1. Considering (1) crowded, with 24+ Cβ neighbours inside 10 Å; (2) at positive phi, say which one HIS111 fails and leave the rest.
2. Going residue by residue through segment 248-264, is there one that turns out to be within 21 Å of LEU36 (Cβ to Cβ) and either free of Cβ contacts under 8 Å to residues at least 12 places away in the same chain or out of contact with any Phe, Trp or Tyr (no Cβ under 6 Å at 6 or more places or on another chain) (or both)?
3. Return the residue satisfying two criteria in turn: it lies in segment 125-135 and is surrounded by fewer than 22 Cβ atoms within 10 Å (Cβ to Cβ) and not polar (S, T, N, Q), and of such residues it is farthest from HIS85 (Cα to Cα).
4. Name every residue in segment 8-32 that is over 16 Å from LEU217 (Cβ atoms) and either within 17 Å of the chain's Cα centre (by Cα) or not polar (S, T, N, Q) (or both), in order of residue number.
5. Look through MET154, MET122 and report the one residue that is modelled with pLDDT of 90 or more and farther than 19 Å from TYR75 by Cα.
6. Which residues, taken from segment 56-66, are surrounded by fewer than 18 Cβ atoms within 10 Å (Cβ to Cβ) and not in a loop (DSSP other than H, G, I, E, B)?
7. Name the single residue, out of those in segment 190-246 being among the charged types (D, E, K, R) and in contact (Cβ under 8 Å) with a residue 12 or more places away in the chain, that is farthest from MET14 (Cα to Cα).
Amino acid sequence: MTIAMFSIMGSVVMHVVWNLLVRQQGPQTRMLWWALATHCVLLGPWGVYALITEAHWSLSLVGYLAVSALANMVYFIALDRAYHHAPVALVYPIVRSSPLLIGLWSVWFFHEILDSHAWVAMGVSVGGLLLLASSAWRNDARTALPWAFGASLMTSVYSLSDKAATEYLPSIASLLGFITVGYFLSFITISILLRREHGQWFPRRRPPLVIMLIGGLCIGLAYIFVIHAMRSLPAAVVVAFTNSGIVIAGLLSIFMFHERAHWQLRLVGILITALGLVFLVLTKF
């Protein structure tokens, strides 16, 4: 359990960094593309080699890999589309509202047991996230909603397939290789979309090299920590805990970066989300 909590804490830190990076770079940079590319170049070869040589291969693992890769691909496409129409402050909290769906699928398909306190805690935290998202509403934001909720749905799909796959993935490196397959497919697909939109295979704006490196490391390693924590905790609970990264990033944006637009409503949403997460900690530990 202690290892799981340290894994969640590591993931939270990287989620905060990733959230702030995407906000800072803006939609024209298409930070998702650069982060996926950097991950595949720096970490991908090591991870894929470990996946091939260390995983306990079976038809079940192949099935989980296919489901996870396809869900990741659709997730990143939906996330990229959502970011194209609305700011991160609106999109990301909606995308991270997936714990209730994950809990539902885990009970339905994997017969996990989540007590009523956990459901209430996750419900409160998700309600806070949706309130937080509403504070960033803009006139054209409605176009982003189907994409954002679609990304949330895909999060629930790949989270459960990833948790099931951990039984066959004995090392951190093999976990890294497992998610790299989906990341590579996502990178190729987003590149094709860019080609169709702008006539070129890469975004119009390139972030500084250090931003690319940090983004590439965070986008992959943060989720490795999440999957590792799922070895000993329910997937819905782990994903809910990682949403504390949104709480931290939201507080930083208000009090450190002085983003004052609708700050009262944002603060209420942050506090409600935090309240749900504190309740979840008390119920699970």
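The values are calculated or read from the model by the stated rules, or taken from the named source; none is laboratory data. Note that the structure is predicted; figures quoted are calculated from it, not measured. Note that we place each Cβ from the backbone using ideal geometry, even for glycine, and neighbour counts take in every protein chain shown.
1. (1)
2. Of the residues in segment 248-264, the ones within 21 Å of LEU36 (Cβ to Cβ) are 249.
Now restrict to residues that are either free of Cβ contacts under 8 Å to residues at least 12 places away in the same chain or out of contact with any Phe, Trp or Tyr (no Cβ under 6 Å at 6 or more places or on another chain) (or both): 249.
The answer is yes, given that some residue of segment 248-264 is within 21 Å of LEU36 (Cβ to Cβ) and either free of Cβ contacts under 8 Å to residues at least 12 places away in the same chain or out of contact with any Phe, Trp or Tyr (no Cβ under 6 Å at 6 or more places or on another chain) (or both).
3. GLY127
4. Hits for segment 8-32 are ILE8, MET9, ARG23, GLY26, PRO27, ARG30.
5. Numbers: MET154 fails: farther than 19 Å from TYR75 by Cα.
Being modelled with pLDDT of 90 or more and farther than 19 Å from TYR75 by Cα holds for just one of MET154, MET122, which is MET122.
6. Our first condition is that a residue be surrounded by fewer than 18 Cβ atoms within 10 Å (Cβ to Cβ); within segment 56-66, this holds for 56-60, 62-63, 66.
Of everything in segment 56-66, those that are surrounded by fewer than 18 Cβ atoms within 10 Å (Cβ to Cβ) and not in a loop (DSSP other than H, G, I, E, B) turn out to be LEU59, SER60, VAL62, GLY63, ALA66.
7. ARG204
Yes/no matrix, rows are residues, columns are (1) out of contact with any helix residue (DSSP H, G or I) (no Cβ under 6 Å at 6 or more places or on another chain); (2) under 25 Å from THR155 (Cβ atoms); (3) of a type outside the set (Val, Ile, Thr):
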{"residue": "ILE214", "(1), (2), (3)": "yes, yes, no"}
{"residue": "LEU217", "(1), (2), (3)": "yes, yes, yes"}
{"residue": "PHE225", "(1), (2), (3)": "no, yes, yes"}
{"residue": "VAL238", "(1), (2), (3)": "no, yes, no"}
{"residue": "ILE248", "(1), (2), (3)": "no, yes, no"}
{"residue": "HIS262", "(1), (2), (3)": "yes, no, yes"}
{"residue": "LEU271", "(1), (2), (3)": "yes, yes, yes"}
